[in-house]
Amino acid sequence: SREDIYIKPFHIVCIGGSAGSMEALEVFFSRIPETNGLAFVLAIHNLPGQEEVMLKAVECHTKMNVLEVKDGLKAMANTVYIIPAEQYITIKKGFFKSVERPSQTGMIDFFLAHLSEDEEERAICIILSGMGTDGTAGVKAIKDKFGMVMAQNCESAQYDTMPASVIDTGLVDYIASPEALPEKLMAYVKYYSQTIEGISSGEGEHMSAFQKIFRLINSQTGHDFSFYKKNTICRRIERRMKLNQIGTITDYIRYIQENSHEIDFLFKELLIGVTNFFRDDEAFRLLREEAVETLLEKKGKGDIIRVWVPGCATGEEAYSIAMVFLESLNESGEKDIPRIQIFATDIDKFSIDKARLGLYPLSINAHVSPERLTRFFIQENNAYKIRKELREMIIFAPQNVIMDPPFTKLDILSCRNLLIYLIPEIQKKLIPLFRSEERRVGKE
């Protein structure tokens with residue numbers, strides 16, 4: 001029915017922050033026009049009872065309506081909404097709802113995850129001054145749905161931990177001071193609604209344009225993206241065009257020819273892979289019961305169990321598999337245990353470097369149990385660091401799974417969220433290659 005159709009007429013902007021963000025908010029809203037077509041949601045860590053103080057402070061610097069979020073309230077354009085201190089809010093079809101706190105998830109991460117699902121590419125996130133890392137996981141969710149991310153630069157932030165953590169993901173589209181962020185936001189929103197010409201498909205006359213872009217990327221990075229599905233390429237090139245306010249594919253080609261740094265940005269855009277620890281609990285339960293435990297029963301001292309994780313991104317999946325092995329070994333109580341060797345590879349050297357470092361934001365506690373955090377991580381300031389025992393099980397290396405030789409003599413191969421981005425011809429090439437190394441322990 002018509003009543004069930006949810007039309008997304010404007011962008012919803014979530015602004016996250018904590019200590020030191022009030023000053024930034026005042027500067028930001030004093031530069032946002034009254035009629036802007038946006039809904040702003042403030043997810044700021046405050047002491048309970050400070051909502052009224054924040055509401056009045058924001059009202060002093062904007063002519064927009066400023067309201068406290070309540071159940072059943074619908075997000076409207078040209079309005080600022082304030083989430084009450086430490087409340088967990090969802091948004092569905094534009095309506096807010098308060099829920100009980102879910103495990104250890106931060107309030108900013110929680111709202112951003114729901115905002116990304118509800119608004120997809122129309123979701124915008126801005127992270128301002130603050131302590132901690134709440135918002136880092138949420139930014140990944142926003143980018144996974146092709147939304148846009150901004151952050152206050154660390155130089156202007158009273159407390160830079162929160163924006164620094166987000167910037168460190170490499171997923172932020174604009175980094176600027178509170179004075180400059182409004183202009184960039186409004187320019188992006190204004191251009192977003194304009195039609196992008198010459199990129200609606202990767203077929204026919206548009207194919208030559210794509211080939212030119214592929215050649216430029218290949219020349220600078222050494223990687224060939226002609227094997228990727230065209231709809232994926234289209235959406236991500238279009239996103240870069242909107243961010244740079246370029247209207248035609250021809251003009252974009254000219255732009256990247258004249259600005260080599262844009263090729264690096266586009267390369268990262270094409271490789272964005274959002275992941276987390278123990279993604280899909282059921283998959284890891286089956287891995288343990290039907291593969292890991294079976295292998296540990298068959299192998300003993302002197303044996304090696306070899307695992308390959310292609311497309312490992314920033315390492316969460318590889319470390320999760322390593323944890324499952326160590327937990328199973330601990331429960332078995334066997335003294336003569338095999339050696340576990342995990343190879344984790346990715347085309348993106350930046351992601352591999354992050355994986356090798358083994359340093360993750362505090363927000364991983366939404367996916368990693370307190371027991372696992374205690375056993376496998378060391379808390380250092382505002383981050384969790386992988387313990388040496390776990391880190392030494394994994395060899396991280398850059399690799400192009402399409403062009404480079406595969407790892408051999410494997411017991412487990414874990415390939416998730418990689419093949420879906422590749423054209424059918426490459427899938428048909430890789431699947432037999434993967435199967436040739438399979439020892440068929442448990443389910444694929």
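The values are calculated or read from the model by the stated rules, or taken from the named source; none is laboratory data. What you see is a predicted model, and the numbers here were worked out from it, not measured in a lab. Don't worry about glycine lacking a Cβ; one is built from the backbone with ideal geometry, like all the others, and counts go over all protein chains shown. Remember, those area values only see protein heavy atoms, side chains included, never the ligands or the DNA or RNA. Shrake-Rupley method; radii C 1.70, N 1.55, O 1.52, S 1.80 Å.
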Margin query: With the structure loaded, tell me whether Arg279 is open to solvent by 50 Å² or more (accessible area, probe 1.4 Å), within 27 Å of Ser328 (Cβ to Cβ), under 25 Å from the mean Cα position of the chain (by Cα) and at pLDDT 90 or above or whether it fails that test.
Written below: no
Item checked: Selection status of Phe284, assigned to a loop (DSSP other than H, G, I, E, B), touching a residue at least 40 places away in the same chain (Cβ under 8 Å) and either open to solvent by 50 Å² or more (accessible area, probe 1.4 Å) or in contact with a Ser or Thr (Cβ under 8 Å, 6 or more places away or on another chain) (or both) -> no
Item checked: Condition check for Ile352: of a type in the set (A, V, I, L, M), buried (at least 21 other Cβ atoms within 10 Å of the Cβ) and within 30 Å of Gly300 (Cβ to Cβ) -> no
Next item on the list: Within the range 357-369, identify whether any single residue is open to solvent by less than 60 Å² (accessible area, probe 1.4 Å), touching a helix residue (DSSP H, G or I) at 6+ places or on another chain (Cβ under 7 Å), in contact (Cβ under 8 Å) with a residue 40 or more places away in the chain and in a loop (DSSP other than H, G, I, E, B), and answer yes or no.
Entry: yes
Item checked: Residues that are touching a Cys at 6+ places or on another chain (Cβ under 8 Å) and modelled with pLDDT of 95 or more, drawn from the range 310-344 -> Ala318, Ala344
Next item on the list: Check the range 87-97 and report whether any residue there is in a helix (DSSP H, G or I) and either free of Cβ contacts under 8 Å to residues at least 60 places away in the same chain or farther than 25 Å from Gly132 by Cβ (or both).
Entry: no
Next item on the list: Might you let me know whether the range 186-207 holds any residue that is farther than 22 Å from Lys268 by Cβ, at pLDDT 95 or above and either among the β-branched types (Val, Ile, Thr) or buried (at least 20 other Cβ atoms within 10 Å of the Cβ) (or both)?
Entry: no
Next item on the list: Looking for whichever is under 19 Å from Leu171 (Cβ atoms), surrounded by 17 or more Cβ atoms within 10 Å (Cβ to Cβ) and at pLDDT below 85 here; the options are Leu243, Leu271. Which one fits?
Entry: Leu271
Checklist line | Failed condition for Asn400, given (1) open to solvent by 40 Å² or more (accessible area, probe 1.4 Å); (2) part of a loop (DSSP other than H, G, I, E, B) | finding: (1)
Item checked: Pick from the range 410-426, criterion open to solvent by less than 40 Å² (accessible area, probe 1.4 Å) and among the β-branched types (Val, Ile, Thr), ranking: nearest to Arg339 (Cα to Cα) -> Ile412
Next item on the list: Select from the range 335-356 the residues that are within 25 Å of Leu295 (Cβ to Cβ) and part of a helix (DSSP H, G or I) and list them in ascending order.
Entry: Ala355
Note to self: Looking at Ala43, Ala77, Ala24, Ala19 in this structure, which one is assigned to a loop (DSSP other than H, G, I, E, B), closer than 23 Å to Ala164 by Cα and of a type in the set (A, V, I, L, M, F, W, C)?
What the structure shows: Ala19
Check: How many residues are surrounded by 21 or more Cβ atoms within 10 Å (Cβ to Cβ) and part of a loop (DSSP other than H, G, I, E, B) when one looks only at the range 113-163?
Finding: 8
